[in-house]
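The structure appears right after this line, and notes come after that.
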Amino acid sequence: MLARRNWLLRLSVILNVVILLYFGSHFATKNGAVVLIEELQASGRNLASIDMPAPPQTDGPQANDILPPAPPPQQPQQQQQQQLQQATVADGAPAVVVAGGSNPDEGMPPPALLPQAAAPAADPAVTPAKATSTTQQQAQQSEPTEKTLQDVIACHDRSIEPRTAQRGDYWVLYNYVQASESYHCWESVTYTTHADYTFLDNLSPMLERWRGPVSLAMYAPGTDFAPTLEAIRYARDCGSPLVAKLVTFHVFFGARHVPRVVPRPDKATLPAANCSRPAPWTNVTASALYKAQKGLLYPVNVGRNIAREAAATHYLLASDIELYPSPGVIPDFLEMIRRQDKPLARPNPKVFPLPIFELEAGAVLPPNKKDLVTMLKNGTAIPFHKKVCPGCHNVPKSKEWMLAPESSGLHVFHIGKRLGYFVHWEPIFIGTHRDPLYDERLSWEGKSDKMTQGYALCVLNYDFQILDNAFLVHKPGIKTLKKDPQRAMLAGKTNVLIRRVIFPELKVLYGTRKGCAV
């Protein structure tokens, strides 16, 4: 009986201890302190390590086995979050709690992860700009998104760094004197052209109408190099401010005609030009050039290809420096490209020819198609080369083009082909870097320098998408056919070269198509 009473007394003491521990743990948790049980769990121990009287040994469960269940084991991150939520300071600000370890920095979250306020966790897959209501998202999805030029024109920016390179028998100083303004490949259209320094008087009037980037290849062999640099400086310093802003000059010369001194690109425009003196290109005859003295032919297609390949923009107008575009071509053309009018959706490769006209000497350049048509009617303007080679620049639907009233912006007026009556057409057009280059074996003196490219365009089934309101006018002064025995002899040799060498190569490389001819 006494033994039984002692056993009950011991059991009562044990139950009281357990109850006190339970309520103490519950009370401590409610008040936010780190209690003994949590410390023991964090350190890897458990309730079995508490020194208390051992219960009598039995085979089955006893009363003191019924304890509050221990919280399930937490992952370190979960435990850390729980401690951060429980641990507060007197003013209610969150306190930093060390998750474990003897180093006070161990287990501490970065400052950016410390809780600042109770807020639902953001979905990492949703950016703030897209975190809108379902109704707003549906409305945004239903609204058509207007495409930008960058969306429509798939291109990559090209390097504009100065570099020296060989091109066949020629040395080329690419980007030798750079324009101050640069463009992404989709932002504009580059006028690409070629010249020797005696033609630089055309830069200012051409730029006043074009007002966009220009890539100009200058032929400067031997002693022509020094006056070429002087002319570039004069055009930049004394001419239109658009020259320094928009024109990038490349210089090339034959390997057997290298100048004695070639300054580095950063020294090429020094010293500044003396604007009180006449321009270097005034009162200079072609016979005075090094080229003429050495009997060199003008490598027109080398210059064309250099200027084309160095152009920074995707679209380019490969032209001659004496041809001045109608004002506003660039913004109107790019807007047409952005709109993607129906003719542009045709699967064939395409270029955009600009009709060309000559003006009477002293004539004022027409600012628009309406004024041009007036000049055509009164005879102060004529189709280009009408008196020299009418078939070379006869544009399909040219009469209908002149009769069509001028409209706002640019559109495709007619899609022509280089076939039939137009088989020898030499169009000047807005194209891209993907179009065939010009054959560099052909010279200006030998003529027919664009015919081989025209054959390649024909065989490749290009669409010639003629624009309704854009055009080119030649520097005032109508050309007439003059007999030149020397040039006639060179033209004959060129025709033999094309027929016997170049044309067989073109048929192998591009194939043939019915109606296409050189």
Collect residues whose amide H, placed 1.01 Å from N in the peptide plane, falls under 5 Å from the amide H of Thr192; neighbours closer than 5 in sequence don't count. Ser215, Leu317, Ala318, Ser319
Counting DSSP beta bridges with both partners in region 290-436, what percentage is antiparallel, nearest 5? 100 percent
Order Tyr176, Tyr170, Tyr510 by their accessible area, 1.4 angstrom probe, all chains in place, largest first. Tyr510, Tyr170, Tyr176
Sorted by accessible area (1.4 Å probe), largest first, how do Arg233, Arg163 line up? Arg163, Arg233
Name the residues of region 432-452 whose amide N is less than 14 Å from a point 7 angstrom out from the Cα of Leu460 along the C-beta direction? 432-439, 452
From the phi of every residue in region 362-372, what ³J(HN,Hα) in whole Hz does the Karplus formula 6.51 cos²θ - 1.76 cosθ + 1.60 yield, where θ is phi - 60° and glycine or proline is x? x, 6, 7, 5, x, x, 7, 5, 4, 5, 4
Among Ser443, Ser159, what's the order by accessible area (1.4 angstrom probe), most exposed first? Ser159, Ser443
Provide the packing ranking of 177-184, 338-345, i.e. peptides ordered by the mean count of other C-beta atoms within 10 Å per residue, highest first. 177-184, 338-345
Over the Cα atoms of region 332-405, what radius of gyration and what Dmax do you get, in Å? 14.9, 44
For region 223-234, Karplus-derived ³J(HN,Hα) couplings (6.51, -1.76, 1.60; θ = phi - 60°; whole Hz; x for glycine and proline) come out as 6, 6, 5, 4, x, 5, 5, 4, 5, 4, 4, 5
Of 216-227, 349-360, 286-297, 416-427, ordering from highest average Cβ density within 10 Å down gives 216-227, 349-360, 416-427, 286-297
With an 8 Å Cα cut-off and a minimum separation of 6 or more residues, compute the relative contact order for region 187-295 in percent. 33 percent
Under the rule rounded for a/c under 1.5, else prolate if a/b exceeds b/c, else oblate, using alpha carbon gyration tensor axes a ≥ b ≥ c, region 217-342 is classed as prolate
Ratio to report: Rg/Rh of region 375-518, with Cα atoms as the point set and Rh obtained by the Kirkwood method; give two decimals. 0.98
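The values are calculated or read from the model by the stated rules, or taken from the named source; none is laboratory data. Keep in mind that this is a model prediction, so the values were computed, not measured. Using ideal geometry, Cβ is built from the backbone for each residue, glycine included, and neighbour counts are taken over all protein chains shown. To get the accessible areas, we keep the full protein, side chains included, count just its heavy atoms, and leave off ligands, DNA and RNA. Shrake-Rupley method; radii C 1.70, N 1.55, O 1.52, S 1.80 Å.
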